[in-house]
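What follows is one structure encoded as structure tokens, with my remarks underneath.
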Amino acid sequence: HKVGSPESVEAYARSLIRALQCDADLYSLPAYLTDLQRRQLAIARALVLDPGLLFLDAPFDGLEFSCREPLRTYLGKWPWFAGRALVVATEDLRFVREHANMIVFVSAGSVETFHNWHDFAGSDAADVARFVAERKKLLAVFD
């Protein structure tokens, strides 16, 4: 990809790994890393190429709450400090509520677009309202 010298790429990769708060032994095989560490390293590997657009599919699924928070925080800040865009497929409504500036809700019955959290959470579209109602029972992300 020729994004720099091997030394500068390594230094940048290590800074990304630190920023993601990844405490993995970088000499370990992936099988010996936690799920969170594997995700953090995969994200760092993608970011080292300085993409203008990053797609992530369910980055928080299966992670314990305490493990999600550092990842949420980093990903919530990443696109803004360099004018980049982040597209995340997620059911993590806390992340959506705190960081999304556009929400595209896709279900078997419809595709709905919302420009803010308030419009999404208050939608009367049947699929959206059902999804939000189900999550209200599971998550304490609503005021």
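Given a 1.4 angstrom probe, what's the average accessible area per residue across the stretch 46-143, in square angstrom?
Here the per-residue accessible area is 59 Å².
Amide H neighbours of Ala85 under 5 Å, at least 5 residues apart or on other chains, H built in the peptide plane: list them.
Leu53, Leu54
Roughly what % of DSSP beta bridges within the chain run antiparallel, to the nearest 5?
For the chain, the DSSP antiparallel bridge percentage is about 45.
Step through the residues of the stretch 64-75 one at a time and calculate ³J(HN,Hα) from phi using the Karplus curve (6.51 cos²θ - 1.76 cosθ + 1.60, θ = phi - 60°), rounding each to whole Hz and writing x for Gly and Pro.
The phi angles translate into 5, 3, 5, 7, 5, 4, x, 5, 4, 4, 5, 5 Hz.
Counting only helical runs of four or more DSSP H residues, what would the 222 nm mean residue ellipticity of the chain come to if each run contributes -39,500 (n - 2.57) and the total is spread over all its residues?
That calculation yields -13500 deg cm²/dmol at 222 nm.
Under a plain spin-label model, where a point goes 7 Å from the Cα along Cα-to-Cβ, how far apart in nm are Val104 and Asn116?
So the two model labels end up 2.2 nm from each other.
If you look at just the Cα atoms of the stretch 20-143, how large are its Rg and its Dmax in Å?
Cα-based Rg and Dmax for the stretch 20-143 come out at 15.9, 51 Å.
Rounded to whole Å, give me the distance from the Cα center of the stretch 91-119 to that of the stretch 1-74.
Between the Cα centres of the stretch 91-119 and the stretch 1-74 lies a distance of 25 Å.
Report the gain in length on full extension from Gln21 to Ala42: 0.36 nm times residue separation, minus Cα-Cα distance, nm rounded to one decimal.
Length gained between Gln21 and Ala42: 6.2 nm.
The values are calculated or read from the model by the stated rules, or taken from the named source; none is laboratory data. Since we're looking at a predicted model, the values are computed, not measured. Cβ coordinates were reconstructed from backbone atoms using ideal geometry, including for glycine residues, and neighbour counts include every protein chain displayed. The protein model used for the area step is the full one, side chains on, heavy atoms only, and it has no ligands, DNA or RNA in it. Shrake-Rupley method; radii C 1.70, N 1.55, O 1.52, S 1.80 Å.
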